[in-house]
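The values are calculated or read from the model by the stated rules, or taken from the named source; none is laboratory data. Keep in mind that this is a model prediction, so the values were computed, not measured. As a convention, Cβ positions derive from the backbone with ideal geometry for all residues, glycine included, and neighbour counts pool all protein chains shown. All accessible areas refer to the heavy atoms of the entire protein, side chains included, with ligands and DNA or RNA removed. Shrake-Rupley method; radii C 1.70, N 1.55, O 1.52, S 1.80 Å.
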Amino acid sequence: MQIFDLTRKKLESTLLENGFPKFKATQIMQWIYQKRVFSFDEMTNISKSDREKLAGMFEITPVFPNEIFTSSDGTKKLAFTLSDGNVVEAVIIPEETRCTLCVSTQAGCPIKCAFCRTGSLGFRRNLTVAEINSQVLSAQIEAGKNEKRITNLVFMGMGEPLLNFENLLDSIDILLDDFGFNFSNRKITVSTSGIADKIVELGEKTKVNLAVSLHAVTDEKRDKIMPVNKKYPLKELLKAIDSYPISRKMVVLEYVMLKNFNDFPEDAEKLAKIAKRYDAKVNIIPFNTFDGAAFEPTPMKKIIDFQNILIAKNVTALIRKSRGGDKLAACGQLGRVKN
Ligand code: SAH
Ligand code: SF4
């Protein structure tokens with residue numbers, strides 16, 4: 001059994017079933033998540049016979065990156081080759097006051113948004129809890145080398161987090177656990193292409209922030225770039241966001257600017273209305289291009305005009321600075337799935 005797959009509850013029940021006291025779970029978790037000790041032999045507050053028994057029960061083998069690419073702007077892309085040969089990526093984005101890690105939840109992505117490189121590569125499989133949290137562990141180690149700390153986590157890497165729902169929940173559980181990674185809810189954001197029923201469930205089961213990849217404000221346009229809209233059309237998606245308890249959480253609407261497609265003033269007007277409904281912040285994302293992309297980026301001047309329409313309507317709208325583009329580490333560029 002891979003210990004990084006287990007929430008504290010699951011670890012406790014496995015230990016109890018094998019004749020160990022429950023508190024052993026917190027001891028073991030402190031060793032692996034806080035002291036980053038990956039061998040029972042070194043867990044000196046556990047007796048030798050217990051250590052031997054535990055070593056027979058559990059593997060403690062996180063996945064480490066086999067390649068790290070550093071961008072000219074300081075962004076780092078960590079590439080992990082998984083045991084079955086699939087490759088997934090995580091991106092560390094250092095900023096002045098914080099350091100954000102962008103985490104992947106699937107190898108490839110089944111949603112196939114028309115503007116996304118990851119989507120164009122097809123879907124391989126869901127990541128395990130251990131594979132998701134290994135990205136965080138590895139990024140903490142990597143950031144630590146430059147005396148930096150990962151302060152924020154965004155589930156915005158490869159894949160659709162809400163289609164790997166059970167593993168996402170367990171991953172978040174461990175990320176929040178005092179004896180695990182000890183992050184706070186406010187520092188974690190899950191981004192989704194709009195799996196409406198799972199948005200509702202996420203709101204019921206967690207207190208993390210929600211980001212929704214909206215990208216178009218009519219079904220007609222959204223259908224064209226996000227096939228997921230056929231299953232969960234805008235009305236249903238917007239209703240699901242209504243159910244998200246925003247009093248304790250923050251909702252962000254993401255909007256990628258595609259030249260002469262969704263970048264007109266009337267799009268901005270409609271987007272402002274939707275943002276007001278949730279008091280949501282809008283993140284305007286300049287389109288990052290890649291080989292074979294079917295869209296072009298909107299010129300910056302037009303992006304700023306778009307932003308100004310939102311601001312004039314009292315909507316907080318930020319243009320996301322593109323980071324890591326020279327190493328294909330920017331939004332929508334991730335993905336190198338081995339055949
Ligand atoms: N699958 C989830 C999370 C990962 S994508 C989602 O879609 O929300 C992270 C963000 O990057 C999403 O808002 C996504 O729409 C956006 N994105 C995808 N391709 C992009 C591209 N080529 N340029 C800019 N942003 C892109
Ligand atoms: Fe998947 Fe998100 Fe890319 Fe769409 S934008 S294909 S949901 S990773």
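Just a few scattered comments:
- Region 188-197: number of residues that are within 12 Å of ligand 1 (Cβ to nearest atom) and in contact with an Asp or Glu (Cβ under 6 Å, 6 or more places away or on another chain): 1
- Any hit, region 118-134, residues being within 16 Å of the chain's Cα centre (by Cα), at pLDDT below 95 and within 16 Å of ligand 1 (Cβ to nearest atom): yes
- Screening the candidates Val212, Val208, Val190 for the property of being open to solvent by less than 10 Å² (accessible area, probe 1.4 Å), in contact (Cβ under 8 Å) with a residue 40 or more places away in the chain and within 15 Å of ligand 2 (Cβ to nearest atom) yields one hit, Val212.
Residue by residue, here is whether (1) assigned to a helix (DSSP H, G or I); (2) under 22 Å from Pro161 (Cβ atoms) holds:
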position	(1), (2)
Val217	no, no
Met257	no, no
Lys270	yes, no
Ile284	no, yes
Phe290	no, yes
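- All positions within region 206-222 that are within 15 Å of ligand 1 (Cβ to nearest atom) and at negative phi: Val208, Asn209, Leu210, Ala211, Val212, Ser213, Leu214, Ala216, Val217, Lys221, Arg222
- Pair list, Cβ under 7 Å, 6 or more apart: region 102-121 residue in the same structural domain as Lys221 (by TED's automatic domain parsing), other residue open to solvent by 40 Å² or more (accessible area, probe 1.4 Å) and within 6 Å of ligand 2 (Cβ to nearest atom): Gly119/Lys112
- Leu210 assigned to a strand (DSSP E or B), in contact with a strand residue (DSSP E or B) (Cβ under 9 Å, 6 or more places away or on another chain) and within 26 Å of Asn262 (Cβ to Cβ): yes
- Failed condition for Ile92, given (1) open to solvent by less than 60 Å² (accessible area, probe 1.4 Å); (2) within 20 Å of Glu17 (Cα to Cα): (2)
- Hits in region 166-187 (condition: within 16 Å of ligand 1 (Cβ to nearest atom) and either assigned to a strand (DSSP E or B) or open to solvent by 10 Å² or more (accessible area, probe 1.4 Å) (or both)): Asn167
- Positions within region 95-113 being touching a helix residue (DSSP H, G or I) at 6+ places or on another chain (Cβ under 7 Å), within 9 Å of ligand 1 (Cβ to nearest atom) and open to solvent by 10 Å² or more (accessible area, probe 1.4 Å), in sequence order: Cys109, Ile111, Cys113
- Criterion (part of a strand (DSSP E or B), out of contact with any Asp or Glu (no Cβ under 7 Å at 6 or more places or on another chain) and touching a residue at least 12 places away in the same chain (Cβ under 8 Å)) met by exactly one of Val200, Val252: Val252
- Residues located in region 2-39, provided they are more than 18 Å from Asp173 (Cα to Cα) and touching a Phe, Trp or Tyr at 6+ places or on another chain (Cβ under 8 Å): Val37
- From Asn283, Asn262, Asn314, residue being among the polar types (S, T, N, Q), away from ligand 1 (no atom under 16 Å from the Cβ), modelled with pLDDT of 95 or more and assigned by TED's automatic domain parsing to the domain that holds Phe115: Asn314
- Filter result (polar (S, T, N, Q) and within 27 Å of Ile150 (Cα to Cα)) within region 174-221: Asn182, Ser184, Asn185, Thr189, Ser191, Thr192, Ser193, Thr206, Asn209, Ser213
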